1. Does region 50-84 hold any residues that are open to solvent by 60 Å² or more (accessible area, probe 1.4 Å) and within 24 Å of E107 (Cβ to Cβ), and which are they?
2. Yes or no: region 2-13 includes at least one residue that is modelled with pLDDT of 60 or more and of a type in the set (K, R).
3. Under the condition of being part of a helix (DSSP H, G or I) and open to solvent by 20 Å² or more (accessible area, probe 1.4 Å), which residue from region 85-102 is farthest from A49 (Cα to Cα)?
4. Identify all residues within region 103-122 that are without any contact (Cβ under 8 Å) to a residue 40 or more places away in the chain and not charged (D, E, K, R); write none if there are none.
5. Exactly one of (1) at pLDDT 85 or above; (2) surrounded by fewer than 17 Cβ atoms within 10 Å (Cβ to Cβ); (3) among the charged types (D, E, K, R) is unmet by D47. Its number?
6. Does M63 satisfy being at pLDDT below 90, within 15 Å of G116 (Cβ to Cβ), of a type in the set (A, V, I, L, M, F, W, C) and in contact with a Lys or Arg (Cβ under 8 Å, 6 or more places away or on another chain)?
7. Under 7 Å between Cβ atoms, which residue pairs at least 6 apart in sequence (or on different chains) link something in region 15-28 that is within 17 Å of D39 (Cβ to Cβ) with a partner that is at pLDDT 70 or above and open to solvent by 60 Å² or more (accessible area, probe 1.4 Å)?
8. With (1) of a type outside the set (G, A, S); (2) surrounded by fewer than 18 Cβ atoms within 10 Å (Cβ to Cβ); (3) at pLDDT 90 or above as the list, and V34 as the residue in question, which single condition is left unmet?
Amino acid sequence: MMRDVGVGGVEEGDALGLGEVVVVRSGSASEVVVRGEVDIAMTPAFDDAIADALASGATELSMDLSEVTFMGSSGLAGLLRSQRLMREGGGRLVLRAPSRAVLDLLEMTRLTERFGLQGEDEREAGPAVEP
């Protein structure tokens, strides 16, 4: 099942350049696909996606970040909040195929090791580290 919880109905490719968040559920695992620019306008979509995943009983949330073109500090805060909420709910967050924009931000803030990362070749980049 797929549900768009994007920002104000703005689709990828619109003139404003905003992104979108799409939630895909499958049993106890959920996948969130994030596209475009992840800035403060995306905060409600992030929060809705995590709330939907937790409400559906997901124990693992995979966040596909391969199509993220920009991520600001509010996007990073959303990732950290998502991780915390999943952990508090007894689950785990995995960042799948993070784009160069996401990896650069994680490396710059020295948070790469905090997340479970999964690359294009499906190899685990490292376990999530508890704070």
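1. Scanning region 50-84 gives E67, T69, F70, S73, R81, R84.
2. Step one: filter region 2-13 for residues modelled with pLDDT of 60 or more, giving none.
No, region 2-13 has no match at all.
3. In the first step, residues of region 85-102 are kept if they are part of a helix (DSSP H, G or I); the result is 85-88, 100-102.
From what is left, the residues that are open to solvent by 20 Å² or more (accessible area, probe 1.4 Å) are 85, 87-88, 100-101.
Details: L85: 11, R87: 15, E88: 16, R100: 23, A101: 21 Å.
Only one residue tops the list, namely R100.
4. Our first condition is that a residue be without any contact (Cβ under 8 Å) to a residue 40 or more places away in the chain; within region 103-122, this holds for 103-117, 119, 121-122.
Residues satisfying the conditions are L103, L105, L106, M108, T109, L111, T112, F115, G116, L117, G119.
5. (1)
6. Values: at pLDDT below 90: no; within 15 Å of G116 (Cβ to Cβ): yes; of a type in the set (A, V, I, L, M, F, W, C): yes; in contact with a Lys or Arg (Cβ under 8 Å, 6 or more places away or on another chain): yes.
Judged against the criteria, M63 is not a match.
7. Pairs found: G17/E37; L18/E37; G19/E37.
8. Single failed check for V34: (2).
The values are calculated or read from the model by the stated rules, or taken from the named source; none is laboratory data. It should be emphasised that the depicted structure is a prediction, and the values quoted were computed from it without experimental measurement. Heads up, the Cβs are rebuilt from the backbone with ideal geometry, glycines too, and the neighbour counts pull from every protein chain shown. All accessible areas refer to the heavy atoms of the entire protein, side chains included, with ligands and DNA or RNA removed. Shrake-Rupley method; radii C 1.70, N 1.55, O 1.52, S 1.80 Å.
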